[in-house]
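A short worksheet on the structure shown next.
The values are calculated or read from the model by the stated rules, or taken from the named source; none is laboratory data. These numbers were taken from a predicted model, which means no experiment stands behind them. FYI the Cβ positions are ideal-geometry reconstructions off the backbone, even for glycines, and counts take in every protein chain you see.
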Amino acid sequence: MIGTFLQRIFVSGCILLVLTLAACGNSAGTTSNTATPTTTPRNEVSTNPTVAQTTPTAPPGATSTPVISTPSHGPMVILTPTPVPGGSVNSQLITLPDRTLAILNVSKQQASDANSTLISLNLTMQNTGKTSIPNQPSYYQLVGSEGDMFGSQSSASPSFFGTITSNASRSGTIVFQIPSAAVSGLRLLFRSEIATETVFVQIKTS
């Protein structure tokens with residue numbers, strides 16, 4: 001009897017131990033299945049990156065400065081001269097906004113130098129404006145057909161140069177000494193203190 005009882009206790013203990021171990025195994029498996037997996041973030045590089053473009057802006061208070069082109073003033077070329085009423089065949093009348101230049105006569109003669117010629121211009125400058133104007137020797141130059149400039153007069157009437165008051169005039173003769181080879185095709189370049197009144201006119205000698 002006692003032996004049978006002990007056997008039953010032993011068998012019951014073994015069954016209880018097996019059940020306990022089975023329960024522990026199921027609990028561990030459940031815990032393992034419900035755990036949240038941990039992932040390691042990866043740095044992904046785009047194969048088509050976008051480059052941000054910005055438009056530069058001017059600093060506060062800055063203003064743009066326009067570029068203004070100023071055209072130069074070339075000389076007025078007189079192709080068809082206006083004769084002075086009652087003047088010689090080689091006279092010319094040049095009318096400008098504030099003055100009138102009359103070339104009354106142009107003549108030439110041999111200079112003391114055998115290779116030079118004297119060109120004499122008999123001129124009248126009249127002030128037609130409301131203010132006084134200057135009349136200087138540097139305003140008058142002769143230009144040869146090859147572009148040579150002759151600006152130093154060998155002589156001139158003293159009364160011709162100077163300030164001319166409104167509605168007044170000055171008359172006189174200026175003489176240029178130039179190489180004889182440059183006599184043909186001479187032109188007068190009149191360039192006053194007003195750039196827009198620069199005149200280029202061909203002269204005829206008698």
query: Within segment 87-118, can you find the residues that are acidic (D, E) and closer than 14 Å to V175 by Cβ?
result: D113
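Table: residues versus (1) among the basic types (K, R); (2) at pLDDT below 55; (3) within 19 Å of Q202 (Cβ to Cβ).
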site	(1), (2), (3)
N26	no, yes, no
T80	no, no, yes
S88	no, no, yes
D113	no, no, no
- prompt: Only one of these conditions is not met by K204: (1) closer than 23 Å to P83 by Cα; (2) at pLDDT 90 or above; (3) not hydrophobic (A, V, I, L, M, F, W, C). Which number is it?
  reply: (2)
